[in-house]
Amino acid sequence: MKPRPALIADLIYEQLPIDSKPIKLTSSIEKIIANNFVELDSVEKSCEWEAPVKSRLLNYIKRSEEKGVQPQIAFNSSSEYMIQGACFVEGSDSKEVAEQKKRRLLWRDYYEALRELSPHQFELLCRNVLEILGVRNARVTKRTKDEGIDFYGKLSVADLIKPSSAFRFKPFESFLEIWLVGQAKHYGAVKVATPDLRELVGSVNLAVARAFADMNPNKYADLQIRVADPVFMLFFTTGQISIDGWQLITKSGIVAMDGEMLAAFLADHNVAIVERNGLKQFSKSAFLDWLRESSKTVPFEL
């Protein structure tokens with residue numbers, strides 16, 4: 001590998017711990033060069049390459065935030081020349097921000113647990129994500145002849161804002177409903193590509209038209225998406241999404257989460273968190289119990 005600013009930035013982004021304390025960017029560059037490119041003068045290059053390395057790191061952070069992905073690093077709020085782990089708790093952080101950063105530190109535990117799930121367990125998890133978002137009676141489909149749809153439900157704005165009414169008739173907000181329809185792809189090393197995403201779009205559009213390959217006339221009887229109903233197409237995977245896949249997601253309006261994003265989402269919502277010795281930790285057994293309880297009560301649609 002030929003040493004250059006872009007490569008140095010990549011190595012810093014990959015190697016800096018997510019809870020790392022603030023360190024001068026030049027010091028971090030020096031360390032990377034000294035450990036990997038002994039033929040270079042690390043002090044001289046750290047000064048020469050500081051600006052391009054900083055620019056690339058800022059671009060990484062921006063792109064991650066635009067996609068909703070947890071950045072690995074951040075620049076210290078008090079100094080633009082200091083970098084730190086994205087979950088390092090600063091003294092100026094509010095209590096809420098500090099707590100969220102502490103939860104996000106556990107994302108790798110969630111990520112490993114996600115990858116160990118069976119495909120069916122992962123579908124149950126996706127259904128549970130809908131319930132976290134406020135969907136009532138979210139459903140998962142049967143594992144065969146699912147018509148390209150793995151989970152779905154309807155979200156009411158009234159449930160989110162909880163309007164009060166002294167009258168018996170339904171408040172206006174209750175008519176504002178959004179369909180959430182998605183696919184769950186349990187992948188390991190394989191990256192999600194555009195064909196998977198096109199399959200989701202096609203499946204949802206066919207569901208709107210009630211055009212199913214199954215001969216059952218009552219197929220998805222409660223999935224009655226009207227022409228003017230708003231629909232969010234969701235794509236969740238335990239793996240990664242290719243660059244082309246992200247481009248299609250951005251341009252098409254599909255709402256997606258890869259394995260890392262799902263892990264961060266679950267951490268943010270305190271799923272399977274237990275307290276041990278005064279510390280909040282992720283519990284794999286509590287996580288599996290959470291899914292196991294869903295399997296007992298979750299509505300299945302034929």
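Suppose the filter is surrounded by fewer than 20 Cβ atoms within 10 Å (Cβ to Cβ), assigned to a loop (DSSP other than H, G, I, E, B) and polar (S, T, N, Q); does Q70 pass it? It is true that Q70 is surrounded by fewer than 20 Cβ atoms within 10 Å (Cβ to Cβ), assigned to a loop (DSSP other than H, G, I, E, B) and polar (S, T, N, Q). Quick check: anything in the stretch 73-91 over 29 Å from S283 (Cβ atoms) and crowded, with 19+ Cβ neighbours inside 10 Å? There is at least one residue in the stretch 73-91 that is over 29 Å from S283 (Cβ atoms) and crowded, with 19+ Cβ neighbours inside 10 Å.
Answer yes or no as to whether I33 is surrounded by 18 or more Cβ atoms within 10 Å (Cβ to Cβ) and more than 26 Å from the chain's Cα centre (by Cα). Walk me through it before giving the result.
Values: surrounded by 18 or more Cβ atoms within 10 Å (Cβ to Cβ): yes; more than 26 Å from the chain's Cα centre (by Cα): yes.
Considered against the rule, which asks whether it is surrounded by 18 or more Cβ atoms within 10 Å (Cβ to Cβ) and more than 26 Å from the chain's Cα centre (by Cα), I33 comes out as yes.
Going residue by residue through the stretch 91-103, is there one that turns out to be outside any helix (DSSP H, G or I) and of a type in the set (A, V, I, L, M)?
Start the filter on the stretch 91-103 by keeping residues that are outside any helix (DSSP H, G or I), which leaves 91-94.
Applying the additional criterion that residues be of a type in the set (A, V, I, L, M) yields none.
No: zero hits.
Pairs are defined by a Cβ separation below 9 Å, a sequence spacing of at least 6 or placement on different chains, a first member in the stretch 244-257 that is closer than 13 Å to D196 by Cα, and a second member that is among the hydroxyl-bearing types (S, T, Y) and at pLDDT 95 or above; the pairs so defined are A256/T237.
Suppose the filter is under 22 Å from L114 (Cα atoms), in a loop (DSSP other than H, G, I, E, B) and among the basic types (K, R); does R226 pass it? Even if it seems obvious, please write down each step before you answer.
Values: under 22 Å from L114 (Cα atoms): no; in a loop (DSSP other than H, G, I, E, B): yes; among the basic types (K, R): yes.
So R226 fails the test.
Cβ-Cβ distances below 8 Å connect the following pairs, each with a first residue in the stretch 162-188 that is at pLDDT below 75, a second residue that is part of a loop (DSSP other than H, G, I, E, B), and a separation of six or more residues or different chains: P163/P171; S165/P171. Filtering the stretch 42-71 to residues that are closer than 13 Å to S28 by Cα and within 23 Å of the chain's Cα centre (by Cα) leaves only L57. Here M215 fulfils each of the conditions (1) closer than 25 Å to L117 by Cβ; (2) outside any helix (DSSP H, G or I); (3) not hydroxyl-bearing (S, T, Y) apart from (1).
The values are calculated or read from the model by the stated rules, or taken from the named source; none is laboratory data. All values derive from a computational prediction rather than experimental measurement. All Cβ positions, even for glycine, are placed from backbone atoms using ideal geometry, and neighbour counts span all protein chains on display.
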